[in-house]
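**Q** Below you will find the structure I want to go over with you.
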There are 2 protein chains.
Amino acid sequence: MRKIALVGIGKIAQDQHVPSISSSSEWRLSATVSRHGRVDGVENFVQIEDLLAARPDIGVVSLCLPPVPRFAAACAALRAGRHVMLEKPPGATIAEVHALHDLALAQGVTLFASWHSRAAQAVAAAKVWLSGREIRGGHIIWREDVRKWHPGQDWIFAAGGMGVFDPGINALSILTEILPQPARVLSAELDFPANRQAPIAARLSLSQGISADFDFRQEGPQTWDMEFETDSGTLALRMGGNVLEINGQPAGGQMSIMGEYPALYAHMAELVARSACDVDLSPLVLVADAFMLGRRNSVKEFEF
Amino acid sequence: MRKIALVGIGKIAQDQHVPSISSSSEWRLSATVSRHGRVDGVENFVQIEDLLAARPDIGVVSLCLPPVPRFAAACAALRAGRHVMLEKPPGATIAEVHALHDLALAQGVTLFASWHSRAAQAVAAAKVWLSGREIRGGHIIWREDVRKWHPGQDWIFAAGGMGVFDPGINALSILTEILPQPARVLSAELDFPANRQAPIAARLSLSQGISADFDFRQEGPQTWDMEFETDSGTLALRMGGNVLEINGQPAGGQMSIMGEYPALYAHMAELVARSACDVDLSPLVLVADAFMLGRRNSVKEFEF
């Protein structure tokens, strides 16, 4: 088993990373770094620099911090010769991920910019089905309740927190994986709460007749669906990429998101074995393009 | 002499592109495409598709359209096997320039995403002087009067027009050319006029202690300056990269911006001779990052 340290023990670490590592035969959670979070029975450090100095035996670091503080932690780990796995989005800016990638290549270590939704159970099958088909149009609906998934996390609505693009980039990570040809943002509408610096809803028009509707104010049932019309049939991915329908009929997957992070850690083990990098920024490019090109609307103030 | 067509006969075409082509021994302006603009004695087409169909003898197309409509024209020209030169910024989104680059490579033709300020007279010397030095800090001031340089051009304040980043990206194109190490946007403040969809002023904090102050409301003297402190002396570029100072003393260049576009067309001739591409998106990445990461302020309405 390979030793790994988790940095940033918040909700996503407790919900997904810790169980995925614990259930893996390839990884052993050997340390954490967090100001307030703890994992029972695992040594914790408050500063990543202290971890890196005290535990040279831990060669791999997985970062679950929010995007803005993540860069400095990733630099420190890479400079110390550690392999690094990044939660999504891999950075608050494109340029900082380019810098991390350059550093990982210079150090000869792994950098894995993970996209957990790409590991959803029906994504690979959707990609195979779409390959060779012509996209005639598509629609993405990604509506969830920020109070449920990010309770009290003010950083998500601060500058650099990305707001509704934090979940929306999951949809875009699937889209960029499964489309036979890359899509571009043609126009975007971004709804900013009057008291926040990141959008709470967004509507994108993309090339190939694809539209996207992202909303962080969805109460009741949550929706993570995408549908495509092609020259020979329709495809739908539901449940965040975990359930596949072809021409309206069930075609694979299952109603659970719990397979995504175990798949990411299995891929990380394979990358570390080769000291290889996996850094695809195309979902982040679409988000940056939407911010650069988008129209901004001011909407009702939001409080958690 | 090689035949070239100019698409988009507006102010920048008349001020810079037409004189640069006319004074070149390598190029002959053989057609234009414009709804309203004309160049005396040169055949004009209203649609680029008509030019491409009617004039197979013209192998090179230079696009001076605003960024939003430029993509479709560039696609048409590349698909028709023409070499293409793009005014800056090369696109309204990063993804569309990636798509154009992929298309140019597939077609085996030149795509030149030009950055005219990189061709300013003191930029190459500044790059040489900075190489091997450590940047301790820097400051960019890029303040110009939008009414003087873009009279009545409402597109510049529409979504995708980039606002003050239209000139600001010139500064960033120099910055990304001359710095020994890449810079990243750490934070940004963007001032949007209440009646517009693009910022009229912006302040950026970049890595390496570099700050930038972009303003489109500058009346009177215009300012396009950047200064850097290093571990061994200071460097200043003034007049948009055309004048160099080292440790406060004049060190080259001249007080004119008129050498930039002739240098671009000379470079384009060299690229076309090899069917090579020159597409560096790093200035556009910094702008997209500033939009994604920036704080938005609402400021006074703006009318031309």
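Readers should treat all values here as calculations from the given coordinates under stated rules, not as data from a laboratory. Every value quoted in this text rests on a predicted model; they were computed, and no experiment measured them. No Cβ is skipped: glycine too gets one built from the backbone with ideal geometry, and neighbour counts run over all protein chains shown.
**Q** Provide the net charge surrounding A:Ala76, with neighbours chosen by a C-beta distance below 12 Å and charges set as Lys +1, Arg +1, Asp -1, Glu -1. List each step's numbers first, then the result.
**A** Values: positive: A:Arg70, A:Arg79, A:Arg82; negative: A:Glu49, A:Asp50.
Around A:Ala76, the charge tally is +1.
**Q** Here's a follow-up. Excluding the sites themselves, what is the longest stretch of chain B that contains no GluC sites (Glu not before Pro) in a DSSP loop with at most 12 other C-beta atoms within 10 Å?
**A** B:1-133
**Q** DSSP loop (so not H, G, I, E, B), at most 14 other Cβ within 10 Å: list which trypsin sites (Lys or Arg not before Pro) in the stretch B:9-39 pass both filters.
**A** For trypsin sites (Lys or Arg not before Pro) across the stretch B:9-39 that sit outside H, G, I, E and B with at most 14 neighbouring Cβ atoms in 10 Å, the list reads B:Arg35, B:Arg38.
**Q** How high is the FRET efficiency between A:Ala266 and B:Ala273 when r is their beta carbon distance and R₀ equals 60 Å, given to the nearest 0.05? The partial results should precede the final answer.
**A** Values: r = 50 Å, r/R0 = 0.83.
That gives a FRET efficiency of 0.75.
**Q** Given charges of +1 on the Cβ of Lys and Arg and -1 on the Cβ of Asp and Glu, with all other atoms neutral, how large is the dipole of chain B about its Cα centre, in debye to the nearest 20?
**A** Once rounded to the nearest 20, the dipole reads 380 debye.
**Q** Check which residues have an amide H placed less than 5 Å from B:Thr234's amide H, if you skip close sequence neighbours.
**A** Correct list: B:Asn247.
**Q** Any idea what the A:Gly10 label distances to the other copies are, label 7 Å down the Cα→Cβ vector, nm, shortest first?
**A** Spacings between copies for this position, smallest first, are 4.1 nm.
**Q** Please average, across the residues of A:279-292, the number of beta carbons from any other chain that are within 10 Å of each residue's own beta carbon, and give a whole number.
**A** Neighbouring Cβ atoms belonging to other protein chains average 5 per residue here.
**Q** Amide H to amide H, which residues 5 or more places from A:Arg295 or on other chains are under 5 Å from it, using H placed in the peptide plane?
**A** Result for A:Arg295 returns A:Ala188, A:Glu189, A:Leu190.
**Q** Right, next: Relative contact order for the stretch A:200-304: what percent, with Cα pairs under 8 Å and sequence separation of 6 or more?
**A** 11 percent
**Q** Run the label-point distances for A:Leu105 please: 7 Å along Cα to Cβ, every other copy, nanometres, shortest first.
**A** From this label point to the equivalent ones elsewhere in the assembly: 1.3 nm.
**Q** Something else: Please tell me which of these pairs span more than 32 angstrom C-alpha to C-alpha: A:Lys300/B:Lys11; B:Lys127/B:Lys300; A:Lys300/B:Lys88; B:Lys11/B:Lys127?
**A** Where the Cα-Cα span goes over 32 Å, the pairs concerned are A:Lys300/B:Lys11; B:Lys127/B:Lys300; A:Lys300/B:Lys88.
**Q** So, one more: Could you tell me the relative contact order of chain A? Use alpha-carbon pairs under 8 Å, at least six residues apart, and round to a whole percent.
**A** This gives 19 percent for chain A.
**Q** Still on this structure, please answer the following. Considering every residue in B:293-299, what mean count of other chain Cβ atoms within 10 Å of its Cβ is obtained?
**A** Per residue, the number of nearby Cβ atoms from other chains is 5 on average.
**Q** Averaged over peptide B:181-191, how many Cβ atoms belonging to another chain are found within 10 Å of each residue's Cβ?
**A** Taking all residues of B:181-191 together, the mean is 4.
**Q** For chain A, what proportion of DSSP beta bridges, expressed in % and rounded to the nearest 5, is antiparallel? If you can, show how the numbers build up before the last one.
**A** Values: 33 of 64 bridges.
Percent antiparallel among DSSP bridges in chain A is about 50.
**Q** With +1 on the Cβ of every Lys and Arg and -1 on the Cβ of every Asp and Glu, and nothing else charged, how large is the dipole of the stretch A:2-113 about its Cα centre, in debye rounded to the nearest 20?
**A** That gives a dipole near 60 debye.
**Q** How many angstrom separate the Cα center of the stretch B:187-209 from the Cα center of the stretch A:23-64?
**A** 38 Å
**Q** Can I ask one more? Sequence gap at least 6, Cα distance under 8 Å: using those rules, report the relative contact order of the stretch A:2-113 to the nearest whole percent.
**A** 23 percent.
**Q** One decimal, nm, shortest first: give the distances between the label point of A:Met255 and those of the same position in the other copies, each label point 7 Å from Cα along Cα→Cβ.
**A** 7.6
**Q** Of B:Gly240, B:Gly220, B:Gly160, which has the largest mean-square fluctuation in a 10 Å C-alpha GNM of chain B?
**A** Between B:Gly240, B:Gly220, B:Gly160, it is B:Gly220 that shows the largest mean-square fluctuation.
**Q** On to the next question. Using the crude model of +1 on Lys and Arg Cβ and -1 on Asp and Glu Cβ, and no other charge, please compute the dipole size for the protein assembly as shown relative to its Cα centre, in debye to 20.
**A** 240 debye
**Q** For the stretch A:212-304, which trypsin sites (Lys or Arg not before Pro) are both in a DSSP coil and crowded by at most 12 other Cβ atoms within 10 Å?
**A** Working: sites: A:Arg217, A:Arg238, A:Arg274, A:Arg295, A:Arg296, A:Lys300; in loops: A:Lys300.
Taking the stretch A:212-304 and a limit of 12 other Cβ atoms within 10 Å, the loop trypsin sites (Lys or Arg not before Pro) found are A:Lys300.
**Q** Right, here's the next one. Counting only helical runs of four or more DSSP H residues, what would the 222 nm mean residue ellipticity of the protein assembly as shown come to if each run contributes -39,500 (n - 2.57) and the total is spread over all its residues?
**A** -9000 deg cm²/dmol
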